[in-house]
Structures are given as structure tokens and as C-alpha cells.
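Engineer: Mind looking over this structure? Questions follow.
The values are calculated or read from the model by the stated rules, or taken from the named source; none is laboratory data. Source: prediction; values computed, not measured. So basically every Cβ, Gly included, is an ideal-geometry build from the backbone, and we count neighbours across all protein chains shown.
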Amino acid sequence: MKTKIVTSALLSLALFSCSDSDNESKKEFKLFTTSNTTGKVSVTDMSTTTPMTYSFTVASTDADGAYYFDDTDEFILASRTNNKVELYDNVSEAISSGATSLLLGASSTVDFNNAREIAVMGDKVVVTQDQNAANSNTNKLIVYQKTATGFTLLNSYTVNFKTWGIHLVGNTLYAVADLTADLVVFENFFANANGAITPTKRVAIEGLVRTHGITYSTSDDTMVLTDVGDAASNSDGGVIVIKNFKSTLMSTSNMGMIAMNKQIRIYGSATMLGNPVDVAYDSRTKKIYVAERLFGGGKVLEFDTPTTNVNATPTSSRDEAGVSSVYLLRK
């Protein structure tokens, strides 16, 4: 998911060589990441001439999904270790004081197992549950309301596709169907009653092998998706950009296909893309930030948005072991 302009997130790795509105009153440009192996999250302040990355220990060794509430200086993640949404307080203070860990301020009840992503709209927090043996192979979308003291469970939905990335635009939820090339749309998502829900629309992306990451920019109508290809390969991943997305989606029938000629594709041996599990996009700079989970054990990659299909070398790259999600705050 991963952008809030105020743009689902990555570091301009120019800094160091993976579900939206504009507000100019306060300048902020930060990249947040989680890891599913290290028990750490990172925050990169990209507003300075020389961006700085800060690493913090959190309560979960295995985490996925990331979001930052800039108005309250709170960071949330989906804990795969504890099966909760976890909220960490006073991120800016932790940076300025040189702290090495973030303070766990609140957490949800245990309502999911095997979380993969978070998306946020207002005070609503949506978590994806990916099927596994521990959850009886059930794919879910779980909705919480963020309160002054924590999180309240609002809804739990089952879906008929394997979940991974999600992105919210108002009451519309965009999701990828893992193990497929498909993009799924739920209009009026928050109006659904508990239980099984059916997508408003489902379309395939021609040439995409296995979807994972997703983000969308309303400011320039750009959808960005990632393709992990064969999960065992560290060289067959890619990023797909779809410009004029709303009209493209509207002109594609339900269960239809968005053709190659509607896409701009970043694939190839120079990209370092093997398993790009999450993505963020900055509509101002036209930069794409990727959480690459497999290549080199985990990297945060930055690309310029191309105008044509390209085998592009990242404009910036840094190692981050087990990186599982990326979120970009731009104000």
C-alpha cells in the first residue's frame, strides 16, 4: 500500500546506496519499512540534503504492513509474531533522542493469523489475512477502528482469493489476488456486513505472473503493481505502472484483461527485482520505492518511473534484511 501524499512507501536510497491527499502546511518526507526476520523497523528522513535512516527494535520479529499517523506521531504494523495490529508511540522523539527501540503503545485483539498488509483510511485500519494451516486456509480482510486507546474490531470478511497487498481510496479497496495476475476491486467496501464478500470487479494484468505489492496515486491517476514471478527466483520480478488507471479499469470488463500496451514495465537482469513484495510511489518526483525481499536477502530499491518498458538499474539501493513492506509519507 504504500503512499500518502500526505502518497504502500522507500527511501530515496539516494539516501544510502516493498493499499492520499496533499498538505503543504508541514513539510514531511519519510520512508518507513518493516522486516519479517529482524524485529526491526526503519524510518528514513528524506527531507534533508543527506537523508538519514534510523533503525528501531519493535515487539515483533516478523512484521508486515506499515502505516504512519503523522498527526499523532504513531506508527502501526501488522504483527505476524503476535497476530495483532501494534501501535508505536512518539516516533519523532525516538529519532531525535537516538533511541534504539520504539515504545509499544497499544495493540489490537488477536483476530487474524498470517497477516500480509495494512491499509488505512481515516480511523479505519484494514488487515489482510493470508491463508495457512493455522487459520484453516481462510483468506480474510479484517477492519478495525483506531481509537484514542487502541483498536476496536469492526468487521471480518472472508474472500475467495488468496490475499496480499491492498490499497484504500476513500471507500474503495483495491487488492491483489496472490498466485494470480489479478487485481480485485471492492466498491463501498466499508458498507459490507460481516461474512463472505464478493468483489465489484476483477481483472487480470496481461504478462504479470504473481501479484503482491500495490499502490495508487489519485493525484496523477497512476497504479503501481509488483510481480514476484517464481517465488524461488531472485531475478524474475518486476514492477508494472498503469497510467490513466481509472479510465483503463473502467474500459476493462469484469474478468477481462488489462493489455500489455496499457502498461509500463520494469523487468530484467539489471533491476535487482526477484521478489518485490511491496511498493510505494511519489507522484511529485515520479519515484518508485520497492521492498525487494529475496535479492541479496532484502533490499530497498528506488526507480525513476519510466516512460517505456525498460530493464532499469535502480537509481538507489540499500540492504535491509527481510524487508517486508514499505510506506512513504510525503507532505
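Engineer: So if I check each of Asp221, Asp178, Asp182, Asp230, which one is in contact with a helix residue (DSSP H, G or I) (Cβ under 6 Å, 6 or more places away or on another chain) and surrounded by fewer than 24 Cβ atoms within 10 Å (Cβ to Cβ)?
Structural biologist: Asp221
Engineer: Okay, next question. Condition (residue is charged (D, E, K, R), touching a Leu at 6+ places or on another chain (Cβ under 8 Å) and within 14 Å of Tyr327 (Cβ to Cβ)) applied to segment 50-65: is it met by at least one residue?
Structural biologist: Yes, there is a match, as at least one residue in segment 50-65 is charged (D, E, K, R), touching a Leu at 6+ places or on another chain (Cβ under 8 Å) and within 14 Å of Tyr327 (Cβ to Cβ).
Engineer: Then there's this: Filter segment 154-174 for residues that are touching a strand residue (DSSP E or B) at 6+ places or on another chain (Cβ under 6 Å) and among the polar types (S, T, N, Q); which is surrounded by the most Cβ atoms within 10 Å (Cβ to Cβ)?
Structural biologist: Only one residue tops the list, namely Thr163.
Engineer: Looking at Ser12, Ser21, which is the one that is over 15 Å from Val290 (Cα atoms), at pLDDT below 55 and surrounded by fewer than 24 Cβ atoms within 10 Å (Cβ to Cβ)?
Structural biologist: Ser21
Engineer: In addition: Quickly run through segment 35-86 and pick out the residues that are more than 30 Å from Arg284 (Cα to Cα) and assigned to a strand (DSSP E or B).
Structural biologist: Matches in segment 35-86: Thr57, Ser79, Lys84, Val85, Glu86.
Engineer: If you don't mind, there's one more thing I want to ask. Can you say whether Asp304 is surrounded by fewer than 24 Cβ atoms within 10 Å (Cβ to Cβ), more than 24 Å from Tyr68 (Cβ to Cβ) and among the acidic types (Asp, Glu), as far as the supplied structure shows? Let's see the steps before the verdict.
Structural biologist: Details: surrounded by fewer than 24 Cβ atoms within 10 Å (Cβ to Cβ): yes; more than 24 Å from Tyr68 (Cβ to Cβ): yes; among the acidic types (Asp, Glu): yes.
So Asp304 fits the description; yes.
Engineer: Hey, another quick one. Among the listed residues Met272, Met255, identify the single one that is more than 28 Å from Ser233 (Cβ to Cβ), part of a loop (DSSP other than H, G, I, E, B) and of a type outside the set (Val, Ile, Thr).
Structural biologist: Met255
Engineer: Okay, moving on. Name every residue in segment 173-195 that is of a type outside the set (D, E, K, R) and within 21 Å of Leu208 (Cβ to Cβ), in order of residue number.
Structural biologist: If the condition is that a residue be of a type outside the set (D, E, K, R) and within 21 Å of Leu208 (Cβ to Cβ), then Leu173, Tyr174, Ala175, Val176, Ala177, Leu179, Thr180, Ala181, Leu183, Val184, Val185, Phe186 are the ones that fit.
Engineer: Inspect all residues belonging to segment 51-63 and state whether any of them is within 20 Å of Thr147 (Cβ to Cβ), more than 16 Å from the chain's Cα centre (by Cα) and either at pLDDT below 95 or of a type in the set (S, T, N, Q) (or both).
Structural biologist: No: segment 51-63 contains no residue that is within 20 Å of Thr147 (Cβ to Cβ), more than 16 Å from the chain's Cα centre (by Cα) and either at pLDDT below 95 or of a type in the set (S, T, N, Q) (or both).
Engineer: Let me ask something else. Identify all residues within segment 134-153 that are outside any strand (DSSP E or B), more than 19 Å from Phe75 (Cβ to Cβ) and touching a strand residue (DSSP E or B) at 6+ places or on another chain (Cβ under 9 Å); write none if there are none.
Structural biologist: Selection gives Asn135, Thr138, Asn139.
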